[in-house]
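The values are calculated or read from the model by the stated rules, or taken from the named source; none is laboratory data. All figures in this text were calculated on a predicted structure; none of them were measured in a lab. Neighbour counts are summed over all protein chains in view; Cβ atoms, including those assigned to glycine, are modelled from backbone coordinates with ideal geometry.
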Amino acid sequence: MEGSTHSKPPKAKTLTLLLLTILWTRGGASLGASPHQVYNMSWIITNLETGWSQVLANGKHAEGTSWPPLTFDLCQLAKDSWEHTERTPHNSYPPCRHSDWYTCPGGKRTQECGGPETFYCTKWGCETYTRGWWETKKGDLVVFSPETPGESRITVEFTDQGKSTDWKVGCRWGIQLYTPGQTNPGLLFSLQLVRDRVRQEIGPNPVLVDQKPPS
């Protein structure tokens, strides 16, 4: 018949095409969203004034599983920002080693705590963690604590709030030394999670290589 070439496709064929379209759409949407996808993850601390940075931890992890305790050296972070950050024959304990310090978060800055020009620490009460004798409010993304009393290494541990935060763009803090009778030196720094997807090599299937030809 003329016009038979323009007839509608059979119902079974239509259903098959619809099913394939749905499966393709769902499959495509789920690509890259696997919770088991492994990434190369690096935790990086950066002095936002000088640009100095250091990788504190790295490894291969799935999304949302890399929360290692981090440690950095305050004297090393403050080099080129503060004076007297290195040991000398006449001064083995520079201020960045023996002075008390306090941190103020920049992510939830308020008018009363100021901005980066005051290291987010315009007034007492803005600090969340300290190496000192005074009480501080909590509720930060991480806990800062001295690794060893009288030394400059600081340990960073993630809180539950920090573990639910997106670190890909980095979070920032101000840190200042407590030096009574003097200007408290400070600097701005950030912690950032940098990740790269682990690419798997595509090679011969070891299961199929040793297959015997059919008899």
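Just wondering, is there one or more residues in segment 86-101 that are in contact with an Asp or Glu (Cβ under 6 Å, 6 or more places away or on another chain) and modelled with pLDDT of 90 or more? No, because not a single residue in segment 86-101 is in contact with an Asp or Glu (Cβ under 6 Å, 6 or more places away or on another chain) and modelled with pLDDT of 90 or more.
Of the residues making up segment 167-215, just one is surrounded by fewer than 18 Cβ atoms within 10 Å (Cβ to Cβ), touching a Lys or Arg at 6+ places or on another chain (Cβ under 9 Å), at pLDDT 90 or above and hydrophobic (A, V, I, L, M, F, W, C), namely VAL194.
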